[in-house]
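Participant: Before we start, here is the structure in question, set down as structure tokens.
Readers should treat all values here as calculations from the given coordinates under stated rules, not as data from a laboratory. All values derive from a computational prediction rather than experimental measurement. Every residue, glycine among them, receives a Cβ derived from its backbone with ideal geometry; neighbour counts consider all protein chains shown.
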Amino acid sequence: MDAQIPTAGLRGWVFELFRSAGASAHEAELGAHHLVEANLTGHDSHGVGMAPRYIASLLAGELQWGRPIKVVTDGGSLLVVDGQGGLGQSVGQQAMALAIERAQQHGCAVLALRHAHHLGRIGHWAEQAIAAGLASVHFTNVVAPKPAVAPHGGAQARFVTNPFTVGLPVPGHAPIVLDFATSAIAQGKVRVAYNRGESTPPGSLIDAQGLPTDNPAVLFETQDGQFGALRTMGAHKGSALAITCELLAGALSGGLTMHPGCALPKVGVWNNMLAIVFDPTRMGTGEAFEHQAREFMAWVRSARLAPDNTDGAILMPGDAERQSRVDRSRTIAIDPTTLQQLDDAAAAVAGRFGLSPGPLSALDRGCA
């Protein structure tokens, strides 16, 4: 049965975990807030379940605390910055703040961020731009110890989940936040299913022979020395978008891409991101945009609901996350395997640094 962890207590525990491992209060706060926010939005794949991997990456000498971004290319509205292996939640915030500043100055900024440790839920960075009244488009690639996603038509993994993200402020309405992995489901969602002993949705995975399967173990347990793989979303369309993300974010930024010639991490996850950040008010279409957006969204929402619609409405991008924040505002469910991994991470930190927040399981308010 799942543990029910108070949301505020969970945020405080992750903060103390990172502080005990040597992070500054500022970085620990950024990391804890971002990870718990991912859980709050319903994306457990990018939530606190990633913290054990962060700790393992830190102990392996990959993740580095206290790294400022380094500006490599400064063309005013065109920027290349290096995260220097720093905590993604910190270097991502720094890089986006710089891009926002330049977009406010020039109307538009193109940012390439390379060599960041795991950036977490990329929608978070779109929301940072939205909070400043700006729109953004993000292409991100993932560099991990091994590939996890097969290209369309392939029976072996060649890249990872490479997300595509768009954030758009809409006057008078909730913003649009589109954020999805280019794989059929996020790799972290396979991890969550594996930890829970559940199946994955049909069409999400292939086994080591390239045959369809709903068993998440194929990503984590070998079959005759081979792993299975995720499929791309939308068949060839998702595959093409994943490849585009790899080239725009990984190659064009001067970062890494997934191939045997690169020095892939042993434990952690690296991200590179290309973000286009712009001020929609500078386009001079504000009144027309507001009218067209309002009328179009109302028209879309007016569609008769399909018989299998379980949401009770037609949702706009970002609606599900907003509802999840309400539903999870008091407690967040953590499956037993993930809970044990978090307790083990706290013990590992105590063993290395002599400090620890103690086991997260001590905060369990009971089983669901």
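Participant: May I ask you to compute the full-extension gain from A288 to V300, defined as 0.36 nm times their residue separation minus their alpha-carbon distance, rounded to one decimal in nm?
Facilitator: Details: separation 12, 0.36 × 12 = 4.32 nm, distance 1.80 nm.
The span from A288 to V300 would gain 2.5 nm if fully extended.
Participant: Name the residue, out of A251, A275, A320, whose mean-square fluctuation peaks in a Gaussian network model built on the chain with Cα pairs under 10 Å.
Facilitator: Result for the chain, Cα springs under 10 Å: A320 fluctuates most.
Participant: Could you list F278, F139, F220 in order of exposure, starting from the residue whose Cβ has the fewest other Cβ atoms within 10 Å? Can you show the working numbers first?
Facilitator: Working: F278 20, F139 26, F220 12.
Least to most surrounded, the residues fall as F220, F278, F139.
Participant: Counting pairs of alpha carbon atoms under 8 Å apart in space and at least six apart in sequence, what relative contact order in percent does segment 186-231 give?
Facilitator: Values: 71 pairs, mean separation 15.6, N = 46.
Reported as a whole number, the value is 34 percent.
Participant: Kindly identify the chain as rounded, prolate or oblate by the Cα gyration tensor criterion: order the square roots of the eigenvalues as a ≥ b ≥ c, call it rounded if a/c is under 1.5, otherwise compare a/b with b/c, prolate if a/b is larger, else oblate.
Facilitator: Numbers: a/c = 1.26, a/b = 1.18, b/c = 1.07.
Rounded, because the longest to shortest axis ratio a/c is under 1.5.
Participant: Want the number for T7 to A174: 0.36 nm per residue separation, take away the alpha-carbon distance, what's left?
Facilitator: Details: separation 167, 0.36 × 167 = 60.12 nm, distance 2.38 nm.
Going from the current span to full extension adds 57.7 nm.
Participant: Sticking with this structure for a sec: Classify segment 165-313 as rounded, prolate or oblate from the Cα gyration tensor: take a ≥ b ≥ c as the square roots of its eigenvalues, call it rounded if a/c is under 1.5, otherwise prolate when a/b beats b/c and oblate if not. It would help to have the intermediate numbers written out before the result.
Facilitator: On the way: a/c = 2.91, a/b = 1.46, b/c = 1.99.
Since a/c reaches 1.5 but b/c is at least a/b, the shape of segment 165-313 is classed as oblate.
Participant: What does the charge add up to near T222, with Lys and Arg as +1, Asp and Glu as -1, over the other residues with Cβ less than 14 Å from its Cβ? Mind showing how you got there, number by number?
Facilitator: Numbers: positive: K146; negative: D207, E221, D224.
Here the count lands on -2.
Participant: Roughly how big is segment 237-368's charge dipole about its Cα centre, with Cβ charges of +1 (Lys, Arg) and -1 (Asp, Glu), in debye to the nearest 20? Spell out each step's value before the answer.
Facilitator: Numbers: 12 positive and 14 negative charges, 27 e Å.
It comes to approximately 120 debye.
Participant: Compute, for segment 186-231, the length of the dipole vector about the Cα centre, with Cβ point charges of +1 (Lys, Arg) and -1 (Asp, Glu) only. Units Debye, rounded to 20. Don't jump to the answer; show the numbers that get you there.
Facilitator: Working: 4 positive and 5 negative charges, 48 e Å.
Result for segment 186-231 is approximately 240 debye, rounded to the nearest 20.
Participant: Cα centroid distance between segment 289-367 and segment 44-99, in Å?
Facilitator: First find each Cα centre; the distance between them is then 23 Å.
Participant: Further, regarding this structure: Given a cut-off of under 8 Å on Cα pairs at least six residues apart, what relative contact order in percent is computed for segment 151-290? Could the numbers behind the result be given before it?
Facilitator: Details: 199 pairs, mean separation 30.8, N = 140.
Relative contact order comes out at 22 percent.
Participant: While we're here: Relative contact order (percent) for the chain, with alpha-carbon contacts under 8 angstrom and 6 or more residues of separation? Provide the component values of the computation, followed by the final result.
Facilitator: Details: 800 pairs, mean separation 92.0, N = 368.
Contact order relative to length: 25 percent.
Participant: What range in the chain is the longest one free of trypsin sites (Lys or Arg not before Pro) that are in a loop by DSSP and have at most 12 other Cβ atoms within 10 angstrom?
Facilitator: Working: sites that count: K266, R304, R330, R365.
Free of exposed loop sites, the longest segment is 1-265.
Participant: Using a basic spin-label model with each label point 7 Å from the Cα along Cα→Cβ, how many nm lie between L264 and A350?
Facilitator: With each label placed 7 Å out from Cα toward Cβ, I get 3.5 nm.
Participant: Moving on. Report the calculated FRET efficiency for K70 and L247 (r = Cβ-Cβ distance, R0 = 30 Å), to the nearest 0.05. Before the final figure, lay out each step's value.
Facilitator: On the way: r = 23 Å, r/R0 = 0.75.
Computed FRET efficiency for K70 and L247: 0.85.
Participant: Rounded to the nearest 20 Debye, what is the dipole magnitude of the chain about its Cα centre when Lys and Arg each give +1 and Asp and Glu each give -1 at the C-beta? Please list the in-between numbers first.
Facilitator: On the way: 26 positive and 31 negative charges, 74 e Å.
Dipole magnitude for the chain comes out near 360 debye.
Participant: Right, another one. How charged is the neighbourhood of G167? Take every other residue with its Cβ under 9 Å from the Cβ of G167, and add Lys/Arg as +1 and Asp/Glu as -1.
Facilitator: So the environment of G167 carries a net charge of -2.
Participant: While we're looking at this one, here's another question. Under a GNM of the chain (C-alpha, springs under 10 Å), which listed residue has the highest mean-square fluctuation: A303, A293, A109?
Facilitator: Comparing A303, A293, A109 in the GNM, the peak value goes to A303.
Participant: Something else about it: Sort segment 186-231 into rounded, prolate or oblate with this rule: let a ≥ b ≥ c be the square roots of the eigenvalues of the Cα gyration tensor; rounded if a/c is under 1.5, and if a/c is not under 1.5, prolate when a/b is larger than b/c, oblate otherwise. Don't jump to the answer; show the numbers that get you there.
Facilitator: On the way: a/c = 1.91, a/b = 1.34, b/c = 1.43.
Oblate.
Participant: Right, another one. Quick check: net charge around H259, other residues with Cβ under 10 Å of its Cβ, Lys/Arg +1 and Asp/Glu -1? Show your work: numbers first, answer last.
Facilitator: Details: positive: R158; negative: E246.
Taking every other residue near H259 into account, the sum is 0.
Participant: Add -39500 (n - 2.57) for each DSSP H run of 4 or more in the chain, then divide by its residues: what number comes out at 222 nm, to the nearest 500 deg cm²/dmol?
Facilitator: Numbers: 10 runs with 130 residues, N = 368.
The helix-only estimate for the chain comes to -11000 deg cm²/dmol at 222 nm.
Participant: Let me ask another. Quick check for you: which residues of segment 21-43 have the amide N under 17 Å from the point 7 Å beyond the Cα of A362 toward its beta carbon?
Facilitator: 21
Participant: Let me ask another. Can you tell which of P202, A298, A184 lies farthest toward the positive end of the dipole of the chain, using +1 and -1 charges on the Cβ of basic and acidic side chains (Lys, Arg; Asp, Glu)?
Facilitator: A184
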